[in-house]
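Here is the structure we will look at, set down as structure tokens.
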Amino acid sequence: SQQGEEDPQALSIQEGENATMNCSYKTSINNLQWYRQNSGRGLVHLILIRSNEREKHSGRLRVTLDTSKKSSSLLITASRAADTASYFCATDQSYSGAGSYQLTFGKGTKLSVIP
Amino acid sequence: DVKVTQSSRYLVKRTGEKVFLECVQDMDHENMFWYRQDPGLGLRLIYFSYDVKMKEKGDIPEGYSVSREKKERFSLILESASTNQTSMYLCASSHSGYANTGELFFGEGSRLTVL
């Protein structure tokens with residue numbers, strides 16, 4: 001079942017602009033992660049934010065988390081053509097008891113950065 | 001560089017054929033996962049494994065089985081391929097333990113077409 005839902009489904013911006021993607025989820029979480037996928041390739045982990053954190057930065061990435069609204073946003077500043085990709089949020093839906101978490105992914109936001 | 005390797009990037013099979021998708025990771029991860037990815041549906045979990053010879057069903061296990069005989073290898077099996085199993089298949093792995101955040105490391109994907 002889908003836990004996270006990204007918004008918008010697609011986003012097209014000019015190089016140098018900022019890109020903001022949003023993720024909403026339904027149940028309580030321990031952490032939320034963002035992944036990136038280049039066309040036809042596997043997903044790559046970008047950043048993780050824990051449920052007790054409100055904001056986190058990594059290079060040009062800024063992630064916020066609002067647990068009261070069950071939402072997160074990913075901001076990419078000063079976008080580049082190389083940022084063109086799909087971006088997914090993932091939440092830990094359940095604790096397996098075996099010491100690991102099962103992640104559930106949203107459907108993704110397709111970002112196009114025009115040179 | 002840590003790696004998750006999927007044996008085939010592209011496969012074309014006929015309806016009714018038995019299909020094996022192989023995945024190997026070199027990070028000594030306890031957990032391994034198989035997802036399928038379809039346009040508009042995002043990533044959906046098929047099966048996962050927390051240990052050798054152990055498997056658990058994900059959200060969409062019907063028509064699939066898995067095998068984990070060695071820690072580094074997780075195979076997805078389509079006993080009798082059907083056209084609705086045409087998809088991109090993604091293998092992933094992660095560490096276990098209570099400090100684990102669930103960050104997944106993905107392979108490059110196997111695009112399967114069933115004719």
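Could you do me a favour and compute the accessible area per residue for chain A, 1.4 Å probe, result in Å²?
Details: 5310 Å² over 115 residues.
About 46 Å² of surface per residue is accessible.
I need the semi-axes of the equivalent ellipsoid of the range A:5-114: take the C-alpha gyration tensor, multiply each eigenvalue by 5, square-root it, list largest first in whole angstrom. Before the final figure, lay out the partial values.
Details: eigenvalues 116, 44, 28 Å².
Semi-axis lengths for the range A:5-114 are 24, 15, 12 Å.
Along the range B:77-89, what does the Karplus equation 6.51 cos²θ - 1.76 cosθ + 1.60 (θ = phi - 60°) give for ³J(HN,Hα), rounded to whole Hz, x for Gly and Pro?
Here the 3J(HN,Hα) series is 10, 9, 4, 8, 4, 10, 4, 6, 9, 4, 5, 9, 10 Hz.
Dipole of the protein assembly as shown, Cα-centred, from +1 at each Lys and Arg C-beta and -1 at each Asp and Glu C-beta, to the nearest 20 debye?
Once rounded to the nearest 20, the dipole reads 220 debye.
Do any GluC sites (Glu not before Pro) in the range B:31-74 lie in a DSSP loop with no more than 15 other beta carbon atoms within 10 Å, and if so, which?
Details: sites: B:Glu56, B:Glu62, B:Glu69, B:Glu72; in loops: B:Glu62, B:Glu72.
The qualifying sites are B:Glu62.
Which of B:Lys18/B:Lys53; B:Lys18/B:Lys55; A:Lys26/B:Lys53; A:Lys26/A:Lys107 have a Cα-Cα distance over 23 Å?
Values: B:Lys18/B:Lys53 21 Å; B:Lys18/B:Lys55 20 Å; A:Lys26/B:Lys53 33 Å; A:Lys26/A:Lys107 14 Å.
Table pairs above 23 Å Cα-Cα are A:Lys26/B:Lys53.
Using the eigenvalues of the Cα gyration tensor, what equivalent ellipsoid semi-axes result for the range B:1-48 when each is taken as the square root of five times the eigenvalue, whole Å, largest first?
Numbers: eigenvalues 96, 50, 24 Å².
Taking √(5λ) for each Cα gyration eigenvalue gives 22, 16, 11 Å.
On average, how many beta carbons from a partner chain sit within 10 Å of the beta carbon of a residue in B:81-93?
Numbers: counts 0, 0, 0, 0, 0, 0, 0, 3, 0, 4, 1, 4, 0.
The shielding value for this peptide is 1.
If you count the DSSP beta bridges with both ends in chain B, what percent of them are antiparallel, to the nearest 5?
Working: 34 of 38 bridges.
Of all bridge pairs located within chain B, approximately 90 percent are antiparallel.
Considering amide H positions built from the backbone, and no H for Pro or chain starts, which residues 5 or more places from B:Ser96, or on another chain, come under 5 Å of its amide H?
Those qualifying (amide H under 5 Å, at least 5 residues apart or on another chain) are B:Glu30, B:Asn31.
If all Cα-Cα distances of the protein assembly as shown are sorted into 5 Å bins from 0 onward, what percent lands in each bin, rounded to whole numbers?
Per 5 Å bin, starting at 0, the Cα pair percentages come out as 1, 7, 14, 18, 19, 16, 12, 7, 3, 1, 0.
Around B:Glu17, which amide H atoms from residues at least 5 apart in sequence, or from another chain, sit under 5 Å from its own amide H, with H modelled in the peptide plane?
B:Ala81
Testing the spin-label approximation: label points 7 Å from Cα along Cα→Cβ at A:Thr27 and B:Ser7. State their distance in nm.
3.5
Can you work out ³J(HN,Hα) from phi for every residue in the range A:106-115, in order, using Karplus 6.51 cos²θ - 1.76 cosθ + 1.60 and θ = phi - 60°, giving whole Hz and x for Gly and Pro?
Those phi angles translate into x, 8, x, 10, 8, 9, 10, 10, 8, x Hz.
Rounded to the nearest 5, what % of DSSP beta bridges with both residues in the range A:5-114 are antiparallel? Present the calculation step by step, with values, prior to reporting the outcome.
Details: 40 of 45 bridges.
So the antiparallel bridges in the range A:5-114 amount to around 90 percent.
For chain B, which whole-number percentage of the solvent-accessible area (1.4 Å probe, protein heavy atoms only) is attributable to carbon and sulfur atoms? Mind dumping the intermediate values first?
Values: 2740 of 5500 Å².
The computed percentage sits at 50.
What does the structure give for A:33-45 when I average, per residue, the other chain Cβ atoms found within 10 Å of the residue Cβ?
5
Please provide three numbers in whole Å: the alpha-carbon extents of chain B along the principal axes, with the largest listed first.
43, 28, 26
Once you average over the residues of B:35-41, how many Cβ atoms of partner chains fall within 10 Å of each Cβ? Kindly include the intermediate steps, with their values, before the conclusion.
Values: counts 4, 0, 8, 1, 1, 3, 2.
So the per-residue partner count for this stretch is 3.
The values are calculated or read from the model by the stated rules, or taken from the named source; none is laboratory data. Everything numeric in this text was worked out from a predicted model, so none of it was measured. Here the Cβ is made from the backbone with ideal geometry for all residues, glycine too, and neighbour counts use every protein chain on show. The area values use the complete protein model at the heavy-atom level, side chains included, leaving out ligands, DNA and RNA. Shrake-Rupley method; radii C 1.70, N 1.55, O 1.52, S 1.80 Å.
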